[in-house]
Amino acid sequence: MAEVVLSGLTKSFGATLALSDVSLTIPDGAFVVLLGPTGAGKTTTLRLIAGLDRPDAGDVRIAGASVMGDMPAQRDVAMVFQQYSLYPHMTVRDNLAFPLRSPILNRPEAEITKRVAEVASVLRIAHKLDNKATQLSGGEMQRVSIGRALVRAPRIYLMDEPLSSLDAALRAELRVELKRIHQDLGATFLYVTHDQVEAMTMATHVGVLDHGWLVQFGTPREIYENPVSTYVATRLGQPRINLLPADLFGAARPGAAQIGLRPEHILQGDGPEARVIRVEHLGDQTRLHLHLAGHDLITLSDPHTPLKSGEMIAIRPENPLWFDASGNRLL
Amino acid sequence: MAEIVIKGLRKEFGSFTAVQSSTFTVRDGEFFMLLGPSGCGKTTTLRMIAGLELPTSGEIWIDGEEVAQKPASKRDIAFVFQMFALYPHLNVRRNISYPLVSQGMPKAQVREKVAEVAKILGIENILDRPVGGLSGGDRQRVALGRAIVRRPKAFMMDEPLGALDAEFREHMAEELRALHDRMGATTVYVTHDQLEAMQMGDKIVVMNHGVVEQFGTPQQVYDHPATMFVANFIGSPAMNFLSFQGHVARGATAVTLGDTVIPMPELQEAAPGPDLVLGVRPEHVRLDDASPYRGRILATEYLGTSQIVTLSAPNGQIKARIPSARSVRTGDTVGLTFTAFTLALFDKASGRALRTSANAEVHHG
């Protein structure tokens, strides 16, 4: 396992700028998640580190040495793709063993058997080792595909939305599993996703990408509590942060154009009166959709609140975030 | 607008029974959700209400009239499909006006109705555009427009948001619910997404293997699941199941897990066991070092305001939803307590929730 340092990475595809001057340190043993919508540059970053694409400018250093001159195989990284690509004619066992039998690694068979058994047990596919890859369910195939990366001890694991094709229950299970593997192995992970729950729950560090720019890097808690812009603030949090005119509740911070209120930062009991538009019972929480002076906002309430739509409640902000006219945070 | 009453509805396809014997009532103006995993019979139920399938037996009353064996055209119902089926060669206005024109409505009146619907949906500015170039959201709005322009007695919707991506689905769900609040039309809506059902529905029917497992408001179904299937299907993370063996007498106000006495709502029937399951929602688990009931922390998941802590406990794995301000460390062993009045007790063999002072009203009232 190793530290990976990206400096000034830039990559264009024709007229499209995919990555722009991205510098980032992935500490040894970290689980870094790159978060952003489609087209933000997440997958491009992975491919540049793996050596599948060459940057227009910038450098990738693994364990202190530049890998720009190295072929993908020489970089000693393992990549898991969004679409599992298994060898259909091989058994699960042979698919898992394949990377260890490659000419570069070429491990002894006894070690391979042991390693495959360990990984299969972690991913709960030990009972399927002798099945053909095509005799598996989608979730099992994706676990084999993750397992094929885990049998190796590369310097970094690169994962490109590996859970996005799975159903919600399996995704939740594998989130916990991947995090446990990370803790047990002490391995370094770079993981890209557009799913905020994956980013918040698994990452030690989150990097937020916007059209090829790395706009913020920090722990999930830092990103959630101290976003640098409205863009970052809207990436994390469900329901979303309420972005409202700065003076909606009276005096605003000088220079502020918008006030940002997470649903839990709206207190009930005093302040201006808002109309309840809808009460949404989600079981563990209840969301109140409110209307205040021509603006819609959402806050949370006690699950068994007696409030009904049409009623009025007084609300005031607590610990608001302030943003200027271009969406940057005012501190 | 209309009330829909379903009595003993059954549908067989050859030797396969898709719907066993469903009974429920959709009140006038309700937004009613049919929820369940794929193959549970929810779409078949919807299609029978609409008249696209005829039931094997049972009754369907719409607005006081029994229509079970009548064709779809005689029922005055509008159907919205997952794949918005628009006429590609017609523009937005012609797509929306089609059902009225085919009824032979005078032109002036059609214009007026289409304008009204376009205003409700906020699509006045695209009325003269071809449907080919529209975004997914606008196409879905046009499909809705065509359904509501006739002012039918009720709307049937089959996963209308299923084809949209997550972020946009949330937005359309809100829009659809707001539209319902303005029009007040009886709507039956099929989905497999429990969050969508909780979010949008006035009432929910949960189905599994052709059987109605439970029927109630979202909060009732969440707080007092009638079966382990419902408890597991609704809520994310799902309800925790703590398995134990024993017999609990009628009138008991606690169960014993190992050496720990866990208070719960008063049991109104005997639980003969031997296999019983205590059900506890993740937000009703508290970390409390004083408690003798211990669990080892396997993982934590930060979610902004809250965090999910996964623990290994003597009666099975437990997930707890606790404030993210509380610091917890993987590997630590902590004490656990449960909010007594929220607990449910299930008979494992049948999966049924036993009657307690908390759920009596919901299940038997």
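Quick look at the values:
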quantity	calculated
Cα point-scatterer Debye curve for region A:202-331, base-10 log of I(q)/I(0) at q = 0.19, 0.20, 0.23 Å⁻¹	-1.07, -1.14, -1.33
Region B:301-365 - convex hull of the alpha-carbon atoms, volume per residue in Å³	129
Intensity falloff of region A:134-275 expressed as log10 I(q)/I(0), Debye formula with alpha-carbon point scatterers, at q = 0.12, 0.18, 0.20, 0.21 Å⁻¹	-0.64, -1.09, -1.25, -1.33
Radius, Kirkwood style, for the protein assembly as shown when every pair of distinct Cα atoms is counted (Å)	28.4
Set of aspartates and glutamates near residue A:308 by C-alpha distance (under 15 Å), chain-local residues within fewer than 8 positions excluded	A:273, A:280, B:181, B:202
Mean Cα-pair separation over length for region B:187-261, i.e. relative contact order, pairs under 8 Å, 6 or more apart, %	18
Inter-part distance where region B:225-247 and region B:157-215 are each reduced to a Cα centre, Å	23
DSSP bridge pairs, chain A: antiparallel proportion in percent, nearest 5	75
Ranked by how many other beta carbons lie within 10 Å on average, peptides B:302-315, A:308-321 from highest	B:302-315, A:308-321
Of all DSSP beta bridges in chain B, antiparallel share, percent nearest 5	75
Calculated from backbone phi, Karplus (6.51, -1.76, 1.60) coupling profile of region B:229-240 in Hz, x at Gly/Pro	4, 5, 4, 7, 7, 9, x, 9, x, 6, 4, 7
Of B:11/B:153; A:128/B:348; A:128/A:179; B:113/B:203; B:113/B:153, those spanning more than 19 Å from alpha-carbon to alpha-carbon	B:11/B:153; A:128/B:348; A:128/A:179; B:113/B:203
Spatial extent of chain B: Rg and Dmax, with the Cα atoms as the point set, Å	24.3, 78
Helix axis angle, A:109-122 relative to chain A longest principal axis, alpha carbon, degrees	20
Distance from region A:43-65 to region B:8-66 (C-alpha centre basis), Å	57
Fully extended contour minus Cα-Cα distance, from residue A:106 to residue A:312, at 0.36 nm per residue	67.1 nm
Acute angle (nearest 10 degrees) that the helix B:107-121 long axis makes with the longest principal axis of chain B, alpha-carbon atoms	30
Relative contact order computed over region B:1-154 (Cα-Cα under 8 Å; 6+ residues apart), in percent	23
Value of relative contact order over chain B, rounded to a whole percent, pairs C-alpha under 8 Å and six or more apart	16
Nonlocal amide H pairs with residue B:255, under 5 Å, H built at 1.01 Å	B:262, B:264
Chain A: angle of helix A:168-185 to the longest principal axis, Cα-based, in degrees nearest 10	60
Chain B: calculated mean residue ellipticity at 222 nm from DSSP helix runs of at least 4, using -39500 (n - 2.57)	-7000 deg cm²/dmol
Region B:215-312 - Debye-derived log10 I(q)/I(0), Cα point model, q = 0.15, 0.22, 0.25 Å⁻¹	-0.74, -1.38, -1.48
Inter-site label distance for residue B:332 and residue B:259 at 7 Å from Cα along Cβ, in nm	2.3
Shape category assigned to region A:64-210 from the gyration tensor of Cα positions, a/c cut at 1.5	oblate
Under the Karplus curve 6.51 cos²θ - 1.76 cosθ + 1.60, θ = phi - 60°, whole-Hz ³J(HN,Hα) for region A:45-61, x wherever Gly or Pro sits	4, 4, 5, 5, 5, 5, x, 7, 10, 9, x, 6, 8, x, 9, 10, 10
Cβ-derived FRET efficiency at R0 51 Å, residue B:103 paired with residue A:131, nearest 0.05	0.30
Antiparallel bridge percentage (DSSP; both residues within region B:52-189; nearest 5)	25
Integer Hz, Karplus 6.51/-1.76/1.60 couplings in order for region B:40-48, x for Gly and Pro	8, x, 5, 5, 4, 4, 4, 5, 5
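Taken together, the values in this text are just the output of simple stated rules run on the coordinates, not laboratory data. Small disclaimer: the values here were computed from a predicted structure and weren't measured. Ideal geometry is used to build each Cβ from the backbone, glycine not excepted, and the neighbour counts take in all protein chains shown.
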